[in-house]
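The values are calculated or read from the model by the stated rules, or taken from the named source; none is laboratory data. Source: prediction; values computed, not measured. Every residue, glycine as well, gets a Cβ built from its backbone with ideal geometry; the counts of neighbours run over all protein chains shown. Calculation scope for accessible area: heavy atoms of the full protein, side chains included, ligands and nucleic acids excluded. Shrake-Rupley method; radii C 1.70, N 1.55, O 1.52, S 1.80 Å.
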Amino acid sequence: SAHFMATPLLMSARPQLLERKIRIQNQLVRECLAECLGVYVLILFGCGSAAQVTTSQERRGHYLSINLGFALGVTFGVFVSRGVSGAHLNPAVSLSLCVLGRHPWLKLPFYVAFQLFGAFLAAATVGLQYYGGHWKEAASPRCCGMCR
């Protein structure tokens with residue numbers, strides 16, 4: 001019976017040990033990666049919904065779909081990064097917080113760089129997702145005009 005008592009204790013200690021081993025120690029790196037991931041989620045949902053509506057010529061969504069996509073993108077982006085970095089998700093927000101004295105100026109270039117990096121990664125993801133179908137049809141009369 002002692003064996004059964006030790007097993008749950010060992011199993012609960014393993015995730016904590018793994019978490020300690022893979023956790024990023026540098027607070028600035030953690031904050032920058034949180035901003036990057038938050039912006040990635042925001043742009044992925046927002047621009048992904050815009051690309052779907054545009055490339056399907058509003059057969060798979062309408063203007064409201066784009067609004068909902070960006071709303072969900074902001075919501076999930078804030079949810080992902082708020083606990084680590086404060087979820088600025090925008091260089092203008094980071095800059096204004098620095099001007100108001102609520103964020104250190106030293107962190108601003110890092111935040112802006114990682115926010116831009118997250119946005120470019122998300123834009124590349126959306127572009128690659130819609131690359132195959134839409135650009136091949138660009139020569140057809142059904143093209144929405146985005147490629148011309």
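Given the structure, is Gln27 under 30 Å from Phe110 (Cα atoms), surrounded by 10 or more Cβ atoms within 10 Å (Cβ to Cβ) and modelled with pLDDT under 95? Considered against the rule, which asks whether it is under 30 Å from Phe110 (Cα atoms), surrounded by 10 or more Cβ atoms within 10 Å (Cβ to Cβ) and modelled with pLDDT under 95, Gln27 comes out as yes. When Val39, Val29 are checked against the criterion of being within 21 Å of Leu116 (Cα to Cα) and in contact (Cβ under 8 Å) with a residue 40 or more places away in the chain, a single residue qualifies: Val39. Screening Arg59 with (1) in a loop (DSSP other than H, G, I, E, B); (2) within 30 Å of Pro109 (Cβ to Cβ) gives one miss only, at (2). If you filter the range 81-92 down to residues that are hydrophobic (A, V, I, L, M, F, W, C) and open to solvent by less than 60 Å² (accessible area, probe 1.4 Å), you find that the one that is nearest to Phe120 (Cα to Cα) is Leu89. Considering the range 95-133 alone, what residues qualify as being open to solvent by 100 Å² or more (accessible area, probe 1.4 Å) and closer than 24 Å to Ser56 by Cβ? Within the range 95-133, Leu128, Gln129, Tyr131 qualify.
Checking the stated criteria, Ser85 turns out not to satisfy the condition of being at pLDDT 95 or above and on the phi < 0 side of the Ramachandran plot. Quick one: Gln57 ticks every box in (1) without any contact (Cβ under 8 Å) to a residue 24 or more places away in the chain; (2) more than 27 Å from Ile24 (Cα to Cα); (3) exposed (fewer than 15 other Cβ atoms within 10 Å of the Cβ) bar one, so which box is it? Failing condition for Gln57: (1). The single condition from (1) over 16 Å from the mean Cα position of the chain (by Cα); (2) open to solvent by 50 Å² or more (accessible area, probe 1.4 Å) that Leu37 fails is (1). The set of residues in the range 65-109 that are among the basic types (Lys, Arg) and either farther than 19 Å from Gln27 by Cα or not in a helix (DSSP H, G or I) (or both) contains only Arg102.
Looking only at the range 19-37, how many residues end up being in contact with a Leu (Cβ under 9 Å, 6 or more places away or on another chain) and within 13 Å of Ala87 (Cβ to Cβ)? Number satisfying all stated conditions: 2.
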